[in-house]
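Everything on this sheet refers to the single structure shown next.
The values are calculated or read from the model by the stated rules, or taken from the named source; none is laboratory data. Since we're looking at a predicted model, the values are computed, not measured. Methodologically, a virtual Cβ is constructed for each residue, glycine included, from the backbone with ideal geometry; neighbour enumeration extends over all protein chains shown.
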Amino acid sequence: MSKQESLETRKKDHIDLAFHSRTLEADPRFYYEPLFSGHPSQTDWPLVFLNKQLRAPLWVSSMTGGTAEAANINKNLARACAEFGMGMGLGSCRPLLDSSQAFEDFNLRPILGQELPFYANLGIAQLEELMDRGAFATIRDLIQSLQADGLIIHVNPLQEWMQAGGDAFTRSPLETIKQVLHAADFPIIVKEVGQGIGPAGVEALLQLPLAALDFGAFGGTNFALLEYLRQQGKEKNLHESFTKVGHSAAEMLGFADEIYHRHKGQLACHQLIISGGISDYLSGFWLLSQAPMPAVYGMASGFLAHARGEYTELQKFVKAQLEGLAMARAVLRPRAL
Ligand SMILES: Cc1cc2nc3c(=O)[nH]c(=O)nc-3n(C[C@H](O)[C@H](O)[C@H](O)COP(=O)(O)O)c2cc1C
């Protein structure tokens, strides 16, 4: 192609792309303010969360363990936490209740270091059963063996119900949570697993002395849908309508904000992990700006998508997240919607 031709092609591209650009809509969540900052020279966003010093307002949401691939994924995630100063919740540590075979998949404290928040994770069904057996010591031993700071309790009635052979709760999750809190001498976090929690549940939880409420909101990975898909051709296929039930992270922040102001800030739980359906830093940045109390934002599938191979892939992704967050701070002002 001659120089003249290539210039012509470029000019034509510009015209075509200009028309494409005109169809884009501006992100309604922000005012764009280009006048008030130079380009950020560093990405650190220091904050104290769960009594530890973070360097980024990000949380690696509870995921996996006990499978062949899990060890690599977890090690990559823990390494990223150590490098970029993020907190981490483990996936369900249920496999460790019966055997120590999968211990190394979960043994991430040596990678993460002592300075960052690191939490074990158990489901409400296991906790109900352990408490009924008077086996609270098993929970404490689990946390000690992992050198975890505390325990995340996941509340997942829809997932269990949709799952073939899933556990049935005999009491309300709130009762079990209160029982565990009463016995525990370590911090407790409560979360859903992708459906979120309604306003009455958020209010009940914020009135308990939890270290944090982790949303596990609707809009991303949906475990009711996931279990539904696993049931192809089986009986529970009749329950698809339940896969569409839940609350987004933005909606849950609205609940938390209303509750916080109605209680004039007098709540026993003071920290939020805003999670569920967040896959990019602009959503994280906007959601953080709407939080009525100290908060980080969490991602599960967003990190998982980059954590299955070489560490460098995850490293590149997290670095880009932090660069994006720093740029957002420089040129964006969040709007209340
Ligand atoms: C592969 C995978 C495994 C998960 N396992 C757990 C788990 O063991 N315990 C738990 O509390 N949540 C678990 N979750 C739910 C996540 O912590 C999170 O609440 C949910 O995926 C929504 O976040 P996302 O939209 O960023 O993926 C898992 C999520 C994924 C993707």
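Can you list the helices (runs of 4 or more DSSP H) lying wholly within the range 156-214 that have 2 or more residues being among the β-branched types (Val, Ile, Thr)?
On the way: elements: 157-162, 173-183, 199-206.
Of the helices (runs of 4 or more DSSP H) lying wholly inside the range 156-214, those with at least 2 residues that are among the β-branched types (Val, Ile, Thr) span 173-183.
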Of all residues making up the range 44-72, the number that are within 14 Å of the ligand (Cβ to nearest atom) and in a strand (DSSP E or B): 3
Residue satisfying all of: in the range 274-300; among the polar types (S, T, N, Q) and modelled with pLDDT of 95 or more; nearest to the chain's Cα centre (by Cα) among these: Ser275
Tally, over the range 314-337, of residues that are part of a helix (DSSP H, G or I) and either outside the structural domain of Ala82 (by TED's automatic domain parsing) or among the aliphatic types (A, V, I, L, M) (or both): 10
Members of the range 261-273 that are more than 15 Å from the chain's Cα centre (by Cα) and surrounded by 19 or more Cβ atoms within 10 Å (Cβ to Cβ): Leu267, Cys269
Within the range 189-221, tally of residues that are near the ligand (Cβ under 7 Å from one of its atoms) and at positive phi: 3
Test: residue in the range 293-304 that is surrounded by fewer than 24 Cβ atoms within 10 Å (Cβ to Cβ), more than 19 Å from Met88 (Cα to Cα) and in the same structural domain as Glu83 (by TED's automatic domain parsing): yes
Filtered residue count, the range 98-125, keeping only those that are assigned to a loop (DSSP other than H, G, I, E, B), of a type in the set (A, V, I, L, M, F, W, C) and farther than 21 Å from Thr67 by Cα: 1
